[in-house]
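Below: one structure, written as structure tokens.
No lab work stands behind these numbers, since they all come straight from the coordinates. Quick caveat, the model's predicted, so the values are computed rather than measured. Here the Cβ is made from the backbone with ideal geometry for all residues, glycine too, and neighbour counts use every protein chain on show.
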């Protein structure tokens, strides 16, 4: 044991001085010399020590969370997810994902699928989308589309505002410039000029 410990210390002392490429070569040589059980032991030690990258979340998360993540995708993305693996294809074609997408457009099926039938709502969604591309629009053409002669409804408030505006414009039109007299033959001075009027008794005699 003392000899093994001495050799181990000497190996570690030299291993610390080696470069990265030399260490990798020694590790590969050691793995090739190990048995299958020893290699499995090394793999388990590496899995516990080194964090795993690019893990399939559907194999680690509960199925409910995986379906919730898939439910946030659009139909085109779900079809792409079905090409990843057989398990992703199974999850992305479940009726729990495609039924809400069909119902939001009012696309219903006229039969009740059995529990063994899967992907019914996805097929129905695809068929309805194909029908949208094939069928013609139901709206009339430009020549057939006739717009009736519709006049806007005027409320009492709008009519009152129009009346006020018209009265203002009429008053402004009637107003003359300040350099012009209001009348060429004014008669208001005769009516209100009391100094030139006759005496009331004389007016009575003349009458």
Can you tell me the order of 86-99, 11-24 when each peptide is scored by its average per-residue count of other Cβ atoms within 10 angstrom, highest first? 86-99, 11-24
Considering only C-alpha atoms, what is the centroid distance from region 104-131 to region 1-72, in Å? 48 Å
What ranking do 66-79, 27-40 get when scored by the average of other Cβ atoms within 10 Å per residue, highest first? 66-79, 27-40
Relative packing of peptides 119-128, 46-55 - highest average C-beta neighbours within 10 Å first: 119-128, 46-55
With the 8 Å Cα cutoff and a minimum separation of six or more residues, region 49-128 has a relative contact order in percent of 23 percent
Can you tell me the convex hull volume per residue for region 2-49, based on C-alpha atoms, in Å³ to the nearest whole number? 103 Å³
Quote the FRET efficiency, to the nearest 0.05, computed for residue 6 versus residue 53 with a Förster distance R0 of 30 Å and r equal to the Cβ-Cβ distance. 0.20
Please list, short to long, the whole-number percent of alpha-carbon pairs of region 57-134 in consecutive 5 angstrom bins beginning at zero. 3, 15, 26, 25, 17, 10, 3, 1, 0
How much length would be gained if the chain were fully extended between residue 95 and residue 129, taking 0.36 nm per residue of separation minus their Cα-Cα distance, in nm to one decimal? 10.5 nm
Extending each Cα 7 Å along its Cβ direction at residue 111 and residue 28, get the distance between those two points in nm, one decimal. 6.0 nm
